[in-house]
Amino acid sequence: NAIEFADHNFGNENERNYIMQVVCQGTVASDPRIRVQSFTCLHEIAANYYGQLPPYMQEIFNLTVKAIRGDEEEVALQAIEFWSTLCDYELELEEEGEDAEETNHGFIKAATPHLVPVLLEQLTKQEEGQEADESTWNAAMSAGTCLGLMARVAGNEVVPVVMPFVTTNISKNGSPDDWRWREAATFAFGSVMEGPSPSNLVPLVQQALPFLLQAMRDPHPYVRDTTAWTVGRAFEFLHDTGNPDLPPLVTQDSLPPIVQVLKEGLKDEIHIAKRVCDAIGMLAAGFASTSSTTSPLSPFFKEIATELLAMAQRADPGAYGSGGAPQIHAYEAINELVRAAAADTLDVVGHLLPVFLNDIAKTFAMPASSVEQRERQAEMQGLLCGVVQTLCARLAKEDSGRAALLSYADGVMEALLRVMGCAGQAGGGGGGGAASVHEEAMQAVGTVAIGVGRQFSKYLPAFYPYLKAGLMNHQEWQVCLTTVGVLTDVVDAVAEDFGPYCDEVMGLLVHNLGSNEVHRSIKPQILSTFGDLALTLGANFDKYVDAVSRLLQQAMQLSVAQAAAAGGDADAADYNNELRTGILEAYSGLFQGLPAGSAGAKLKADIPLIVDFASSIAQDADYDDLVVRAMVSLLGDMATTTPGVGGLLASRRGQDWEKLVAWVHEGDGAGGELDWAVNAISGAVSAAS
């Protein structure tokens, strides 16, 4: 526990050598408790002093391998953890790339041919009957986890070491105990799905797919459980690789047997059925990028959805202690299925809505007298609202779907408002369950508003109290943040019909901006919302412009001060970029939304401040892509909507704001997304010069 404070000691070679000697000696002490703590020290040293490890790695390798192969399980677990810690560290260094502050010594790649066989041996040390318990942690689980991390670091180099073990053992069936080898081989195969290149893995998985489908019917539940997990991993990482040169993992010929086996798996023991739900979700997600009119999955859509609904109704006494209720897995699979639904299955998607509305209605009869009961009810309502949102979002994308959504909209809104009312009664604003279900229901309302458009106006009187309560809910800031986003969706849908509520809503938003009780993450979103409201309400937003302008000027001053004070604080820089984006999106909405001439008159004092703000952003050492693009887009809006902007920019030539325009122009080239803004700015400057 003191290792992270031993920086000075590890910087001194003699002291470091002494510490390492004592720790390494401890790994072979006679008392297993000392061995456990010594290996724990080693992985803490790996996490804190990676750069100091090279002289000691050969000895550490020998000690860890000896412990993994022959020591008590508690000791072996800590020895494996040393290598998992190294994997995590080298993955971080890889992600940081050239920005990494220290050298990647490549310990994992160097150890791969020697360490992977040792880990594979551990995979056969399963504890029978514990496959259903997701909290189980033993040598087999630890070794498999480490193998998965090594595959992500070493990539293709891990495949030739693992595959002989897989091919030798995946069908082994000479004695009753051979299930251990079949499960271990399948676990090893699933562990290397992420890391090696798809071009390396897809042919291997295609070859193995018949064996895997057959293994889904293995007599041993442990094998079926791990096979379902492996199939899901294969779909997750290899089904939609985005590489047109690679043959598809799932073909027209292989899809029917895959669907058949997965449907059967949904009726298996509950822990296996949950894994199968996850695999179905991954299978569906892989088809999301196919043609929107039809999909290879379309012929099977209805039967898969029906089986998933049946799975969701299954009882699981241990659901809340192990891996979540069956509904969580079944509904997430339905969500993926619906997101990937092609146009020719929208009638089935539409018919799912009343099924889930009926399920929401049933939740109001659930017992809710104790805290635990209320949390279960809230979890159920949250899951169901999430599916309803997914269904509405998919229907809203197509004309034929929108017609179905309109026909069910009254029932959907009635159910969602009732859920929000229930959440309000349960917590009054308290309780994590009540907050999260309120958030799910609120997001679903936003999706309905996008889908039904102007017809949402009839729901405003009933919905507005919940919108107002959400904006005032400072305790559960995620609910407040979600409500701000939904406000934009609603105003966009109903336009000027929102007029009667606008004064009070603007008052609440302005209050939230100035309040120290409101979480800071909400404030950039509120600024952005001002722009959305101005864009939608147009001239009706005129009366708020002076107040909004003052707030935006204050926000710009705050942002410039934060940039100066941030130093190297990455979190402070990230928040400042959120703040900048909110400011810039607000101004863009004002310049685009207000009537011609009105923006120039009302925001005359803001225009030079915005140009100064652009120059301050240009002084960043590293440009944030979103911020720079939002700034150039705003300058383009100003140049196209407001006379005199070209003259101001021409008088400021040679200042730093020009760097942002040049950066976008060089990055995008001709015909880029912001070409219009670059041309508008240069045109306005040329005309004024």
For the range 33-150, what is the relative contact order in percent, using Cα pairs closer than 8 Å and at least 6 residues apart in sequence?
29
Two decimals is fine: what is log10 I(q)/I(0) at q = 0.08, 0.14, 0.16 Å⁻¹ for the range 520-688, from a Debye sum with one equal scatterer on every Cα and no solvent?
-0.22, -0.69, -0.91
How much accessible area per residue does the chain have, counting only protein heavy atoms and a probe of 1.4 Å, in square angstrom?
43
Of the convex hull drawn through the C-alpha atoms of the range 172-219, the volume per residue in Å³ is 72
For the range 149-246, take the alpha-carbon Rg, divide it by the Kirkwood Rh, and send me Rg/Rh.
0.97
If I compute solvent accessible area with a 1.4 Å probe over the protein chains, what percent of it on the chain is carbon and sulfur?
51
Can you give me the angle between helix 399-427 and the longest principal axis of the chain, using Cα atoms only, in degrees from 0 to 90, rounded to the nearest 10?
80
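In debye, nearest 20: dipole of the range 18-73 around its Cα centre with unit charges on the Cβ of K, R (+) and D, E (-)?
For the range 18-73, the charge dipole is close to 80 debye.
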Options 301, 551, 677, ranked by Cα towards positive dipole end of the chain, top entry (Cβ charges)
301
Treating the beta-carbon of each Lys and Arg as +1 and of each Asp and Glu as -1, no other charges, what is the dipole magnitude of the chain about its Cα centre, to the nearest 20 debye?
1560
For the chain, what Kirkwood radius comes out of the mean inverse Cα-Cα distance, in Å?
29.2
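With runs of 4+ DSSP H residues as the only contributors, calculate the mean residue ellipticity of the chain at 222 nm using -39,500 (n - 2.57) per run, divided by the residue total and rounded to the nearest 500.
Details: 31 runs with 487 residues, N = 689.
So the helix-based figure for the chain works out to -23500 deg cm²/dmol.
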With +1 on each Lys and Arg Cβ and -1 on each Asp and Glu Cβ, how big is the dipole of the range 520-688 about its Cα centre, in debye rounded to the nearest 20?
740
The farthest towards the positive end of the charge dipole of the range 248-369, of the residues 256, 346, 329, given +1 on Cβ of Lys and Arg and -1 on Cβ of Asp and Glu, is 329
Where a ≥ b ≥ c are root eigenvalues of the Cα gyration tensor, a/c under 1.5 meaning rounded, otherwise prolate if a/b exceeds b/c and oblate otherwise, the range 91-168 counts as oblate
Determine the relative contact order of the chain: mean sequence separation of Cα pairs under 8 Å and six or more apart, normalised by residue count, in whole percent.
6
In whole angstrom, note down how far apart the Cα centers of the range 163-200 and the range 638-686 are.
59
Residue 371 to residue 1: extension gain in nm, 0.36 nm per residue of separation minus the Cα-Cα distance?
129.5 nm
Is the C-alpha gyration tensor of the range 1-159 telling us rounded, prolate or oblate? Criteria: a/c under 1.5 is rounded; beyond that, a/b larger than b/c is prolate, otherwise oblate.
oblate
Relative contact order as a percentage, the range 520-688, C-alpha pairs under 8 Å and 6+ apart, gives 24
Relative to the longest principal axis of the chain, what angle (0 to 90°, nearest 10) does the C-alpha long axis of helix 657-668 take?
50
Could you tell me the distance between the Cα centroids of the range 280-300 and the range 543-622, to the nearest Å?
43
Modelled FRET efficiency - R0 30 Å, residue 207 with residue 138, Cβ distances, 0.05 increments
0.50
So which of 543/659; 523/604; 274/302; 125/267; 397/523; 267/362 end up more than 26 Å apart, counting from Cα to Cα?
543/659; 125/267; 397/523
What is the spin-label model distance, in nm, from residue 609 to residue 173 if the labels are put 7 Å beyond Cα along the C-beta direction?
7.6
Order of 530-540, 108-118, 506-516 by packing, highest average Cβ count within 10 Å first?
530-540, 108-118, 506-516
Using the alpha-carbon centroid of each, what span in Å lies between the range 377-419 and the range 35-61?
53
Under a 1.4 Å probe, counting only protein heavy atoms, residue 71 has an accessible area in Å², nearest 10, of 40
Which of the listed residues, 626, 582, 607, is farthest toward the dipole's positive end in the range 520-688, when Lys, Arg count +1 and Asp, Glu count -1 at the beta-carbon?
607
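The values are calculated or read from the model by the stated rules, or taken from the named source; none is laboratory data. All figures in this text were calculated on a predicted structure; none of them were measured in a lab. No Cβ is skipped: glycine too gets one built from the backbone with ideal geometry, and neighbour counts run over all protein chains shown. Note: accessible area is taken over every heavy atom of the protein model, side chains too, but ligands, DNA and RNA are not part of it. Shrake-Rupley method; radii C 1.70, N 1.55, O 1.52, S 1.80 Å.
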